[in-house]
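One structure below.
FYI, it's all coordinate maths here, none of it is from the lab. Source: prediction; values computed, not measured. FYI the Cβ positions are ideal-geometry reconstructions off the backbone, even for glycines, and counts take in every protein chain you see.
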Amino acid sequence: MKCLATLCLLAVTCLPAQDALKSALVFHASFDSGLNADFSTGDPVCVVKKGKDLVPAAFNEEVKLDPAGGKFGGCLHFPKKGATRPQFSGVNMLGYNDRSWSATVSLWLRLTPDEDLEPGYCDPIQIVGDDGKKGFIFLEWSKDETPRFFRYAIRPLQEIWDPTNVGWGEIPFEKRPMVQVAKAPFSRDAWTHAVFTLDKVNEATAAKPSGSLYLNGQIQGRIEGWDLRFGWDPAKVALVLGASYVGRIDDLAVFSRSLNDAEVMKLHQLDGGVKALR
């Protein structure tokens, strides 16, 4: 098995950068004309929660289509803090499993956080499962600082990161499994490219699972040295957008492995965005 994995890695390494990205692409939502994904190895339909059910998502006063305002064509616009959270099923797309999980998520964001966001927490994107105590992954802006910090967090089983049950907000920043950026380059006047990776999540600690955050193609930090074991039901894993978010989102993509620094930069520089890979 190790020999096969090595051969696969060598094969990917030998591919031209754009071809290697194309071979790993499993999901793309351009938001040029609607909420559904343009391409997905899973279910392309965007849904929202309605009570205990999931129903097809539709634009409303909290989530609008901006047909010409995106980084590449159209985009999603969240004009105010609301309860509408579009989501996509992770089944056959995010690749979550209880042995070894690697993936990369890419999206573009446009907002001025300290002026546009309303009070309280804000997660422009999350990966969730059936139980937040069994794992939770998110990008967020902090709620109590000015300027607000931008963060990438991989929260594994709660007993790992919070063994004394004190709560996320009470744990010192440096002792949380996250990357924190004090002056992230977000603005209403320009799009910012955010990419986060997951590498070998759910493998034994000795395998050194990790995650990385990139902004505009540049590494901002890595989550390392943590036991990143989750307990999710794979059938319930989902990619969720717009939790208390105010701003725009464009060109959402998922890749089936952890991209390296050079691949993230290539992704950032694609003419026309992820559409160029399809």
Subject >> Spin-label zone in region 72-114 - amide nitrogen under 17 Å from a point set 7 Å from the Cα of ASP43 along the C-beta vector >> reply: 85-96
**OP:** Let me have the relative contact order for the chain, percent, based on Cα pairs under 8 Å that are six or more residues apart.
**Re:** 27
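Within 14 Å, Cβ to Cβ, of ALA243, how many net charges do the neighbouring residues add up to if Lys/Arg are +1 and Asp/Glu are -1?
Values: positive: LYS49, LYS80, LYS81, ARG85, LYS143, ARG151; negative: GLU62, GLU118, ASP123, GLU140.
Neighbour charge sum, excluding ALA243 itself: +2.
If I take R0 = 30 Å and measure r between the Cβ atoms of PHE173 and ASP98 in this structure, what FRET efficiency does the formula 1/(1 + (r/R0)^6) give, to the nearest 0.05? List each step's numbers first, then the result.
Working: r = 29 Å, r/R0 = 0.98.
E(calc), rounded to 0.05, equals 0.55.
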Subject >> Axial C-alpha extent at least 15 Å, average Kyte-Doolittle at least 1.0 - helices from the chain (DSSP) >> reply: 2-14
Subject >> 17 Å reach of a label modelled at THR112, 7 Å along Cα-to-Cβ, counting backbone N of region 166-195 >> reply: 183-192
Subject >> Inter-probe distance in nm under a simple model that places probes 7 Å from Cα toward Cβ, at LEU270 and LYS52 >> reply: 3.9
Original post:
Remind me, what semi-axes does region 17-277 give for its equivalent ellipsoid, largest first in whole Å, using sqrt of 5 times each Cα gyration tensor eigenvalue?
Top reply: 25, 21, 19
Original post:
region 178-201 to region 88-148: how many Å between their Cα centroids?
Top reply: 11
Subject >> Whole-angstrom gap from region 43-66 to region 235-278, using each part's C-alpha centre >> reply: 19
Subject >> Along the chain, longest interval not containing exposed GluC sites (Glu not before Pro), exposed being DSSP loop plus at most 12 other Cβ atoms within 10 Å >> reply: 146-278
